[in-house]
1. Of Leu143, Leu172, Leu157, which residue is under 30 Å from Trp64 (Cα atoms) and touching a Lys or Arg at 6+ places or on another chain (Cβ under 8 Å)?
2. Could you tell me whether Asp16 is at pLDDT 95 or above and over 22 Å from Arg341 (Cβ atoms)?
3. Considering only segment 194-246, state which residues are surrounded by fewer than 24 Cβ atoms within 10 Å (Cβ to Cβ), more than 24 Å from Leu88 (Cβ to Cβ) and charged (D, E, K, R).
4. Considering only residues that are among the polar types (S, T, N, Q) and buried (at least 16 other Cβ atoms within 10 Å of the Cβ), which ones fall in segment 161-177?
5. Quick check, is Asp237 on the phi < 0 side of the Ramachandran plot and modelled with pLDDT of 95 or more?
6. Can you work out which of the residues in segment 106-149 that are surrounded by 15 or more Cβ atoms within 10 Å (Cβ to Cβ) and of a type in the set (D, E, K, R) is modelled with the lowest pLDDT?
7. Given the conditions (1) free of Cβ contacts under 8 Å to residues at least 12 places away in the same chain; (2) more than 29 Å from Lys260 (Cβ to Cβ); (3) not aromatic (Phe, Trp, Tyr), which single one is not true for Leu131?
8. From Thr330, Thr322, Thr314, grab the single residue that is at pLDDT 95 or above, more than 19 Å from Lys270 (Cα to Cα), under 27 Å from the mean Cα position of the chain (by Cα) and among the polar types (S, T, N, Q).
Amino acid sequence: MTAVHIEAEADSSAFDTALQHFFAHRRSEAGEIGASYADAVAELEGYVLRGGKRVRPTFALLGWLGAVGDEAGPTPDAVLRTCAALELLHASALIHDDVIDAAPTRRGFPAAHVLFADQHRARGWSGDAELFGTGTAILVGDLAQAWADDMIRTSGLTPAAQTRVGPVWSALRTEVLSGQLLDLTAEASGDEDIDTALRVDRYKTASYTVERPLHIGAAIAGADADLVAAYRAFGVDIGIAFQLRDDLLGVFGDPEVTGKPSGGDLCQGKRTVLLAEALRAADERDAHSAAFLRTRIGTDITDGDLAAMRAIITDTGAVQRTERDIARRTDRAVAALEQSRVTDHAKKRLIEMAIAATQRTW
């Protein structure tokens, strides 16, 4: 792969090219192992390459660019490959998340476990198609995470850069898995504490979406502690604001835009900050509304139930408070970046991404 100039650092095609080259190498190995394995690898490749906005690799690349300077010249292939590996980790998280949530679709296509179950049925295989689909999706998700490690290890980074990146990459993987476990436990236990929901947002979303990708870019460049601290402060606030926006879209979003079922978070029993805010306010002013939310959350709600739940959440002021928190965190994140030594071009792009991420409708 040829080097890519700074002006195109946010062009997702650069990351796609890096991923395509990686898959091309692994595809030949897969054929030697067996046809069924090769088929699974082909499905993973399609899953990774057919969608996504490459948000995490872009944050990582901007983290590198913000540390090395606006006149750094072409972006080294090793940097692009390292950043692109985040997309494999993201695929792993999405595949597993859909299994956990029993989600039927992802990005307008059948979720991985659904796809593999459908293949089982279409081929007339023996056994339970759903169990096969779930098991295969778990293994393919594991493979994506293992290959993310491989893609970084073989990226071509210098030994010194690999040494710097290693602990950050380990922290990212641990944090996203711990956040997922915290989320699953909160749903099962019915935890209504706002701090719990914020802790889930911090580790499940903010860490691996913004904070650690920026930290990885900084580590590749050998950035100093002050710049790393600025990146992490920016990343935590923007990452949580990103998730708060996702919480709003999970209740009020248009399925044609978000690609998710209307009110899906309420049906799945997601213990979001938005819900925690609504329950706390409802407990103070309207016990009947609070009870209604608690009896409907996590159930197969009707359109009428959804409309009533939306009205309660809005009337409690939870939507307004969430919007204020998004704005507050975005302002604080931008201030942290403005006061840092991030180079001008990267700073501009990061602020643009922050605004886009926290004001999005998808």
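The values are calculated or read from the model by the stated rules, or taken from the named source; none is laboratory data. Please read all numbers here as calculations on a predicted model, not as lab measurements. Neighbour counts run over all protein chains shown; Cβ positions are idealised from the backbone, glycine included.
1. On the way: Leu143 fails: touching a Lys or Arg at 6+ places or on another chain (Cβ under 8 Å); Leu157 fails: touching a Lys or Arg at 6+ places or on another chain (Cβ under 8 Å).
Matching residue, one of Leu143, Leu172, Leu157: Leu172.
2. Details: at pLDDT 95 or above: yes; over 22 Å from Arg341 (Cβ atoms): yes.
For Asp16, the condition - at pLDDT 95 or above and over 22 Å from Arg341 (Cβ atoms) - is met.
3. Within segment 194-246, Asp195, Arg199, Asp224, Asp226, Arg245 qualify.
4. Filtering segment 161-177 for residues among the polar types (S, T, N, Q) gives 162-163, 170, 174.
Result: Gln162, single match.
5. The answer is yes for Asp237.
6. So, considering only residues that are surrounded by 15 or more Cβ atoms within 10 Å (Cβ to Cβ) and of a type in the set (D, E, K, R), the one modelled with the lowest pLDDT is Arg106.
7. (2)
8. Values: Thr322 fails: more than 19 Å from Lys270 (Cα to Cα); Thr314 fails: more than 19 Å from Lys270 (Cα to Cα).
Thr330 is the lone residue from the list that is at pLDDT 95 or above, more than 19 Å from Lys270 (Cα to Cα), under 27 Å from the mean Cα position of the chain (by Cα) and among the polar types (S, T, N, Q).
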